[in-house]
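Structure record follows, encoded as structure tokens.
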Amino acid sequence: MKNFLKFVSAGFMFLIFVNLSSGSFNVGNYSVQKIYGPNQTIIGWINISFENEPSNSVFSDSFGNSISLIDLLKNSSGYRYTCNVYGCKMDYSASNSQTTKSFSLNNNEKKILGFKLTGSVNSINSINFNITSNAGVSCNNQLEMDILNDGVIDFINNKSSTGLCRKTYGCFDESKNLEIYSLDFTPYCQKMELDRAPGFKIGALIKKDSGANSLRMSLYKGGENIEEGNCNLADPANSDWQEISCDINYSTLEKAEYYVCILSENSQGDYKLKGYSDSTSKCGFHGRPTTTEVASYKIFAQSKNFDSIGNLAVNNQLANGDTLSAKAQEYVSRTYGNGIDCTSGCIIPIAFKSGYDSVQNIELKNLEIKYVKTSGVVTETNFYDLQEIPAKINSDSWILSLNGGKFYVPSEYGDQSFELKLNNEEILSEDISVERVPVISDLYPLKIPAGVPTKFRINAYSVDGNLTKFEWNFGNSETKQTSVDFITYTYNATGNYNLKVKVTDNNQKSSEKIFEIIVESPKNYINSTLEQKQKNLEDIKTEIRSFSAFEQKILNGILGVNNLDSNLTNLQRRYKTQVNTDNEYVALAREVIGFSVPTSIWRSKSIDSVIFYPNVENIDLSLINEIGRGSYETDRSGIYQNAILAWNQEKLNTKINFKEISIKFSENQQAVKFFKFTISEKENSEKEVFFVLPKLENLEFDGNYNEKEKGDYEYITIESFPKIITFSTTENVDFINLAAFTSPSLSELSVENTGNDVEEPKFNWVIFIIVIILLTATAIVVYIFMHRWYKNNYENYLFKNKNNLYNLMSYIDKSKREGKSDSEIHKNLKNAGWDSEQTGYAIKKYSGKQTGMFEIPFLKILGGMEKNNQTQTGIDTRFGPEKTMGRKF
């Protein structure tokens, strides 16, 4: 039990001595930053030492964050410590030795067993044993073995049955316009992800036109041909198109990407293959791996079933080419020392994990470990049960940084108390404050080449103002200051540097954050960065394939995936073949650091089948006047606009689907919006209907809608219902503020006379009239002021962040689908922290009801005149959502 011995207050050295049966630590002075923005991480350090402290000891804070000791140490560069186990990994104790071990595992359950060597060991010659199991045939590997328990799978069931599992053609799309290619000596290759399997059938859709030929299938991992992955196809029996395959007994330990290839080994016949060249769906090429992917072919691979395990022999030579005895000897050498003194026993762990759906009964037997001791060759035949023991950490007093602990402060503003504990014993307590200080998110780049001028950009913003000053401390005694969020700087020597950035806004509020900058040689930087960019690009292409065809087309076009692919290939080729000198590496590194590839892509927002009501202010009567029939009176614009709204509600049922797909680059983020309008009639009509959109940024339609341009608008004439209109844009709009509307010709509208042309009655009592006029005028002025404020500012007043309104509308839509009433929704939102005005407004807006003050006809006329004036003077009343997040559900 740890005992608290001594504490000296702030400003003086203090000491906490905690004594455990298994370890202890001493804490000296510390420093913690006092002011933070919401959700920022604690910045500070403690002076601390450890003696035999378990590596899995836990640091925890008063805000619910925690991190293990070993993880915090790894995140604190410069702290020096040692462990009693290599790599500070788990140690083991062995017990219950048996020549046969029997145990049961449920699906995904894991068990660690092992071997034990004794004496002074010179070398390990071989390790062999047998496994028996009751697991039956399955498409999933029933049992995996991880020698050394290091997370690397070394052995799986390698027995295959005649049954087949998943079949894949890679990215091949049958709906494309297919071409026919002739097979020749150059292979046609298709990239595809193969499942973990004991073997495969690989083949293609082939047509024999003439002669007799020898067709060969091959499997490649990267650019390397796999010896067990080659097989010959049987000659087609006739000249019809047919899928032909052959068997390979190549076992894949993990799901991974491969190239499956087909070629003709002689020219004695004419054989054909189907495929296509397409910019949006390509994962193949005509050439030897690896080559730029420009096409797709009907080439396939189908994984085989894992057969019943029965009895499996685990031999010293593993299927992946490793030697079991060599892996064990390397582990023992680095864990127990090169002398391999196993007087107290050297333990070799092996983890077994089940992938079988039912309970799996497993038995290990016939163990034979031959190893050489100084006294001679001996054989070990016993299996042991193992117990994991955390590594013990020892260190002198050093500064341990808390910055990498991810100790997040609360999101609420105000004073807080930060307490830090180790194994539930308090080691420091400090009062901090969460204020409206600038927020620093990230910095790009974090890895750079030495000797190359690099543009660093900080991602930060001010909560209540504008950022005015940026102070850069490069971690090498050099500092600079800028008034913008970027700076170009050259690190001339390789190494790791702590770059500290401090930002200050016009309210003199400031924040700072430290980023670790890795500076590599230009050669190493190019190699590692191109590999990472290639992986990022492959991941992005895989993610894009999960979206619809239209979304794929837009995303591939916006990102320029084809150009990214070819440019990346060109950079890799030049790195491997054209650069040799330091100057050439520096020049190429400049290009690589400026070559941007997306790092992730995801669906960031979506909402389905919400009723769409156009905003009256977005209805442009002059446009409808030009493209349709009929006319309107400019002094009664508001009446006509409201008539169009009423017509929409009476005649049409318009629903909108909205999706936002965000693309993250290292230095910034981009979003693409997708809209799908489904417009149907409530009653049959043969009248023309116009769907109108403003000219949005990068507007693309899914198909030909015969859309036309007119001024600042695009419009589509709807001649039959239902009508589905799908489009995309990169403009900052969503389903709430999209300035779209539907309208008939003005001649189809029913507009009532408001009586504005009737002359005012005359009165004889002049004074009375003057008083009445003054009172009325005062009331009208007040009402107009309030009405205009409500109309123009009420929504902004309630929802300063438009994303909050978006989140509310999404929640209301979901709740309506679940059958909840308005009162239930209102109650749930109130419990979530929304006030009554906000929830009432959002529910009315969702239901298409009036959200502001009652609009009398006189004010509608004024509104129409005001709208016309705004149009003439070029005032744009549209708004865009702020880039902040609201409450989530």
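Identify, please: which residue in region 616-662 is closer than 30 Å to residue 730 by Cα and among the basic types (Lys, Arg) and is, among those, surrounded by the fewest Cβ atoms within 10 Å (Cβ to Cβ)? Only one residue tops the list, namely 655.
Of all residues in region 122-137, those that are at pLDDT 95 or above, in a strand (DSSP E or B) and out of contact with any helix residue (DSSP H, G or I) (no Cβ under 7 Å at 6 or more places or on another chain) total 6.
Can you find a residue that is buried (at least 16 other Cβ atoms within 10 Å of the Cβ), hydroxyl-bearing (Ser, Thr, Tyr) and more than 20 Å from residue 667 (Cα to Cα) anywhere in region 513-524? Yes, region 513-524 contains at least one residue that is buried (at least 16 other Cβ atoms within 10 Å of the Cβ), hydroxyl-bearing (Ser, Thr, Tyr) and more than 20 Å from residue 667 (Cα to Cα).
Checked against (1) out of contact with any helix residue (DSSP H, G or I) (no Cβ under 9 Å at 6 or more places or on another chain); (2) closer than 21 Å to residue 514 by Cα; (3) surrounded by fewer than 19 Cβ atoms within 10 Å (Cβ to Cβ), residue 90 passes all but condition (2). Within region 380-399, residues that are more than 30 Å from residue 79 (Cα to Cα) sit with their Cβ atoms under 6 Å from residues that are aromatic (Phe, Trp, Tyr) and buried (at least 19 other Cβ atoms within 10 Å of the Cβ), at 6+ positions apart or across chains, in these pairs: 386/92. Restricting attention to region 265-297, the residues that are surrounded by 14 or more Cβ atoms within 10 Å (Cβ to Cβ) and touching a Leu at 6+ places or on another chain (Cβ under 8 Å) total 7. Among the residues of region 565-587, at least one is in contact with a Ser or Thr (Cβ under 7 Å, 6 or more places away or on another chain) and surrounded by fewer than 17 Cβ atoms within 10 Å (Cβ to Cβ).
Take the conditions modelled with pLDDT under 95 and within 36 Å of the chain's Cα centre (by Cα) and apply them to residue 201. Does it pass? I'd like the intermediate steps shown before the answer.
Numbers: modelled with pLDDT under 95: no; within 36 Å of the chain's Cα centre (by Cα): yes.
Against the criterion (modelled with pLDDT under 95 and within 36 Å of the chain's Cα centre (by Cα)), residue 201 does not qualify.
Residue-level check: of (1) of a type in the set (S, T, N, Q); (2) free of Cβ contacts under 8 Å to residues at least 24 places away in the same chain; (3) buried (at least 16 other Cβ atoms within 10 Å of the Cβ), residue 546 misses just (3).
Quick grid of which residues meet (1) farther than 22 Å from residue 177 by Cα; (2) not basic (Lys, Arg):
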position	(1), (2)
195	yes, yes
203	no, yes
211	yes, yes
226	yes, yes
246	yes, yes
252	yes, yes
273	no, yes
282	no, no
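In region 354-396, counting only strands (runs of 3 or more DSSP E) that sit wholly within it, the ones holding 3 or more residues that are loosely packed, with under 13 Cβ neighbours inside 10 Å and of a type outside the set (Asp, Glu) span 376-380.
Taking first residues from region 238-252 that are in a strand (DSSP E or B) and partners that are β-branched (Val, Ile, Thr), the Cβ contacts under 8 Å between residues at least 6 apart in sequence or on separate chains come to 242/206; 243/206; 244/206; 245/202; 246/202; 248/202. Tell me, please, whether a residue that is under 28 Å from residue 198 (Cα atoms), crowded, with 20+ Cβ neighbours inside 10 Å and not small (Gly, Ala, Ser) can be found in region 335-343. No. Is it the case, given these coordinates, that residue 664 is under 30 Å from residue 597 (Cβ atoms) and of a type in the set (Lys, Arg)? Here the answer is yes, as residue 664 does meet what is asked. In the set (1) within 25 Å of residue 217 (Cβ to Cβ); (2) of a type in the set (A, V, I, L, M, F, W, C); (3) in contact with a helix residue (DSSP H, G or I) (Cβ under 6 Å, 6 or more places away or on another chain), residue 148 fails one condition alone, (1).
Scanning region 499-510 for residues that are under 28 Å from the mean Cα position of the chain (by Cα) and either modelled with pLDDT under 90 or farther than 13 Å from residue 439 by Cα (or both) turns up 499, 500. Does any residue of region 12-19 turn out to be crowded, with 17+ Cβ neighbours inside 10 Å, of a type outside the set (Lys, Arg), in contact with a strand residue (DSSP E or B) (Cβ under 8 Å, 6 or more places away or on another chain) and modelled with pLDDT under 90? Yes, region 12-19 has at least one match. From the list 631, 596, 606, the lone residue that is of a type in the set (S, T, N, Q), touching a residue at least 40 places away in the same chain (Cβ under 8 Å), out of contact with any Asp or Glu (no Cβ under 8 Å at 6 or more places or on another chain) and not in a helix (DSSP H, G or I) is 631.
Yes/no per residue for (1) modelled with pLDDT of 90 or more; (2) not assigned by TED's automatic domain parsing to the domain that holds residue 206:
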site	(1), (2)
260	yes, no
265	no, no
280	no, no
292	no, no
312	yes, yes
318	no, yes
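A single entry from 468, 488, 454 fulfils the requirement of being at pLDDT 90 or above and touching an Asp or Glu at 6+ places or on another chain (Cβ under 9 Å): 468.
A count restricted to region 417-434 and to residues that are in a loop (DSSP other than H, G, I, E, B) and over 34 Å from the mean Cα position of the chain (by Cα) stands at 1.
The values are calculated or read from the model by the stated rules, or taken from the named source; none is laboratory data. These numbers were taken from a predicted model, which means no experiment stands behind them. Because the Cβ atoms are built from the backbone with ideal geometry, glycine has one as well, and the counts that use them run over all protein chains shown.
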